[in-house]
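Taking it in order: structure first as structure tokens, then the write-up.
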Amino acid sequence: MTRLRLAGRRTFASLRHHRNYRLFFSGQVVSVAGTWMQNAALAWLVLSLTHSATAVGVLAVARFGPYMLFGLFGGVLADRLDNRKAVMGTQSIQLIAAAFLAALSLAGVITLGEIYALAVLGGLAQIVDTPSRQSLTFQLVGRAELPNAIALNSTLFNIGRIAGPSIAGVLIAGVGLGWCFAVNAVSFLAVLAGLYLMDPAELFPLKRRGRPPMWEGLRDGARFVRESPRVLAVIGMMTVFGVLCFNFNVLLPVLAKQTLAGGPQTFGVISAAFGAGALLGALVTAALGRASLKAMMAGAACFTAAQLALAPLRSTSADVVLLFLTGVFFTVYTAHSNTYVQLQSPDHLRGRVLGIYYYAWSGLAPVGGILTGLLCDWGGTALAFYVAGVGGLAMIAGGYLYLNAHPPQRSPKTGGVPALPSPSAA
């Protein structure tokens, strides 16, 4: 019992110790649920209008295309801007986009072109929002509790992943798609209120070195990644995973509507199953309170193996179980890789390194979205899952060999933070 109590205290340490982080977390719980509700409703709306998995892939291009074009510059901006104010601005833009989606949908006049255009507007906001929000997390809790806070961020992200699609399924069936967008617009007020109520004096200071010029700043971030072999390996793995393995925004609506011949409720159930597993993975990672490359590699391997197991299934109940396990290992992999990259990055470069990391994750998502949509149209979700699983396992093997060829060492580039153990020793 004592061990369970200690694990519980470790799991929520950042929330207990930092008022600013409590405000951030509380606002994000509401807002992230609204965002996932909107994501589910958008995919279902496009699929209902077009009956094409490729069109859902084009939606991914609209959402992530701006990041593909300009995402690397978002990290430079994050190293120049006040992160708290930057996130307030980006969240406001996303509120406006959601409000327009709601108005057009409720009026019954929305078109496919308008859906894509508003998705692009939200994608433009994400360019600055993603690295700024991650850097803000460091300022909210400091270096010592960063692994715990990143895992808790994954927790709230996955609470939203569970609640959002489930609520969306009920609303779509009951009152229509437009209300999903309306609820999301209102949900942004919660995160804006939390950011406004923070005490800037309690933020952990960042050791920055002036305001980096755009191109020179981008080169400095790229040089750090290139000269840090283990960070480069983690980001290289994320690039392949981001393209091949993370396209659930395309796969799940197609799985529900075409493979399982279900409706919005089925979509909500399978989305919630993935989110519930991801939530469990986040809580376990938060309880550990440290980053481990061994856990990262194990999570990646199990995640891709679960996708291979999903490929031939045609049963909703079996898919729910496998998607739950997929979600667990998804969070184990992503939380450990995120934490490793942040802890290895010096303060003055953290935004730029995170910009590169999230470019690997989201910047190439348009390519992955189109590829996944085409694979679903050619061979159903089975083909898409098989390609994701085989490609992911091949990348894991390459990453494992590369990491073992570059043993950890203490480097002045990381501010004296020792690299984490190798996969075979962590």
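Computed from the coordinates by the stated procedures, all read-outs in this text should not be read as laboratory data. Predicted, not measured: the structure shown is a model, and the values here were computed from it. No Cβ is skipped: glycine too gets one built from the backbone with ideal geometry, and neighbour counts run over all protein chains shown.
In the chain, the longest principal axis of the Cα atoms and the axis of helix 112-141 are about 30 degrees apart.
Sequence-distant contacts, meaning Cα pairs under 8 Å at least 6 residues apart, place the relative contact order of the stretch 276-327 at 58 percent. Loop-resident chymotrypsin sites (Phe, Trp or Tyr not before Pro) (DSSP state other than H, G, I, E or B) in the stretch 301-330 with no more than 13 further Cβ atoms inside 10 Å of their Cβ are absent.
Positive end of the dipole of the stretch 165-239 (Cβ unit charges, origin at the Cα centre): among 215, 192, 168, the Cα lying farthest that way belongs to 215. FRET efficiency for residue 314 and residue 215, Cβ-Cβ distance as r, R0 = 60 Å, nearest 0.05? The formula returns an efficiency of 0.70 here.
Inter-label distance, residue 401 to residue 383: 2.9 nm, where each label sits 7 Å from its Cα along the C-beta direction.
Taking the centroid of alpha carbons for each part, the stretch 79-138 and the stretch 186-228 are 18 Å apart.
Springs between Cα atoms under 10 Å define the GNM used for the chain, and in it the highest mean-square fluctuation of 407, 131, 147 occurs at 407. Axis angle, to the nearest 10 degrees, between helix 178-197 and the longest C-alpha principal axis of the chain: 20 degrees. Let a ≥ b ≥ c be the square roots of the eigenvalues of the Cα gyration tensor of the stretch 227-307; is it rounded (a/c under 1.5), or, if not, prolate (a/b larger than b/c) or oblate? Cα axes put the stretch 227-307 in the oblate bin. Contact order, relative form, for the chain: 28 percent (alpha carbon pairs under 8 Å, 6 or more residues apart, mean separation divided by residue count). Across the stretch 96-140, the residues whose backbone nitrogen lies under 12 Å from the label position 7 Å along the beta-carbon direction of residue 50 are 112-117. Extending 7 Å from Cα along the Cβ direction at residue 173 and again at residue 206 yields two label points whose distance is 4.5 nm. Applying 0.36 nm per residue to the separation of residue 143 and residue 294 and subtracting their alpha-carbon distance, the gain on full extension is 52.3 nm. Farthest towards the positive end of the charge dipole of the stretch 11-100, among the residues 70, 15, 57, is the Cα of 15, using unit charges on the Cβ of Lys, Arg, Asp and Glu. Once both labels are positioned 7 Å from their Cα atoms along Cα-to-Cβ, the gap between residue 112 and residue 223 label points is 4.7 nm.
Each residue of the stretch 73-88 was assigned a 3J(HN,Hα) from its phi angle through the Karplus curve 6.51 cos²θ - 1.76 cosθ + 1.60 (θ = phi - 60°); the sequence is 6, x, x, 5, 4, 4, 7, 9, 9, 6, 4, 5, 5, 4, 5, 4 Hz, with glycine and proline shown as x.
Within the chain, the ratio Rg/Rh, alpha carbon atoms throughout and Rh by Kirkwood, equals 0.95. For the chain, the longest principal axis of the C-alpha atoms and the axis of helix 229-244 are separated by about 0°.
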